[in-house]
1. Just to be sure I understand, how many residues within region 159-184 are surrounded by 14 or more Cβ atoms within 10 Å (Cβ to Cβ) and assigned to a strand (DSSP E or B)?
2. Return the only residue of W249, W152 being open to solvent by 10 Å² or more (accessible area, probe 1.4 Å) and more than 17 Å from the chain's Cα centre (by Cα).
3. If a residue counts only when it is modelled with pLDDT of 90 or more and closer than 20 Å to Y142 by Cα, which helices (runs of 4 or more DSSP H) contained entirely in region 1-91 have at least 3 such residues?
4. Answer with yes or no whether W152 is closer than 20 Å to G47 by Cα, of a type in the set (F, W, Y), at pLDDT 95 or above and assigned to a strand (DSSP E or B).
5. For region 36-72: of the residues being in contact with a Cys (Cβ under 8 Å, 6 or more places away or on another chain) and open to solvent by less than 30 Å² (accessible area, probe 1.4 Å), which is nearest to W165 (Cα to Cα)?
6. Given the criterion farther than 30 Å from R90 by Cβ, under 15 Å from the mean Cα position of the chain (by Cα) and either open to solvent by 20 Å² or more (accessible area, probe 1.4 Å) or not hydroxyl-bearing (S, T, Y) (or both), identify the matching residue among L204, L223, L189.
7. Taking the stated definitions as given, is A125 small (G, A, S), exposed (fewer than 14 other Cβ atoms within 10 Å of the Cβ), modelled with pLDDT of 95 or more and farther than 21 Å from A31 by Cβ?
Amino acid sequence: METASAHSAHMPSVAASARQVHTITDRFSMANTYVLNDTQLIVVDPGSALNVRLLMHYMQTILRRTLDEIDLIVVTHLHPDHTAGIEALRHLCRAPVAASAVVRALLEAEAQEGKMLPSITHMAARVAPGMLHHLDLFPPAYARQARQVDVWLENATSLPFHPDWQVIASPGHTPESLCLYNACTRELLCGDTVITVAGGAPLLRSSTDRRQLKETLHMLRNLPVQYLYPGHGRAILSHHPLENAEVEW
């Protein structure tokens, strides 16, 4: 486990004192769970049950905060390595779970169509044009995971009760992928939209639609970002952390 402040000697100076992001990593799956240590707490991507146990220990011993202070759980996308810990975490706190509204739109389209999966793939283009180029869009587990969601997040809106954190749709790895961006502190939490690999190089995760990934990369590069927090791998603290990013193929 580590907080971004562990690298303070190498950080850019912008808003360093205001930074609030803490990282908890399951050393087996290597999935990152993030805690936004604000007046109340936001947990991003609960990960596995092990992540949740590490999170509980970290909050109590390092942050000196209680689990009751968690007021929102955000998932950047519905892959199991980022959502498997939701049930365990909700046994410990009453915070609602938030995810991209794209998921709700696709589920509603599937229900209206009244066909079995994967018929949803034929409807998604109407709901989210250009976002459907991922063959495993809604595996069976997705419907179960979607039932755990209480709050649907729209693109370019702020997190409920946390106006500094904006939702940024980042389709490519999955259609429902999102990032969280804080313009004041220039921090970007990007789930599996971007991971870091050996040497700390940023990489956009593979998809069947390379064009979509490039468009997402172009959009993210236009954001003033100095602190990049990936779904897997170490954070990148740089004036231009996405400058050398590549698209996986």
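The values are calculated or read from the model by the stated rules, or taken from the named source; none is laboratory data. Fair warning: this is a prediction, and the values are worked out from it, not measured in the lab. Here Cβ is always computed from backbone atoms with ideal geometry, including for glycine, and neighbour counts include all displayed protein chains. We work out accessible area using only protein heavy atoms, side chains counted, and drop any ligands, DNA or RNA first. Shrake-Rupley method; radii C 1.70, N 1.55, O 1.52, S 1.80 Å.
1. Count: 13.
2. W249
3. Because the criterion is at least 3 residues that are modelled with pLDDT of 90 or more and closer than 20 Å to Y142 by Cα, the helices (runs of 4 or more DSSP H) in region 1-91 that meet it are 80-83, 86-90.
4. Working: closer than 20 Å to G47 by Cα: yes; of a type in the set (F, W, Y): yes; at pLDDT 95 or above: yes; assigned to a strand (DSSP E or B): yes.
So W152 fits the description; yes.
5. Here the residue is I70.
6. That would be L204, the only listed residue that is farther than 30 Å from R90 by Cβ, under 15 Å from the mean Cα position of the chain (by Cα) and either open to solvent by 20 Å² or more (accessible area, probe 1.4 Å) or not hydroxyl-bearing (S, T, Y) (or both).
7. No, not satisfied.
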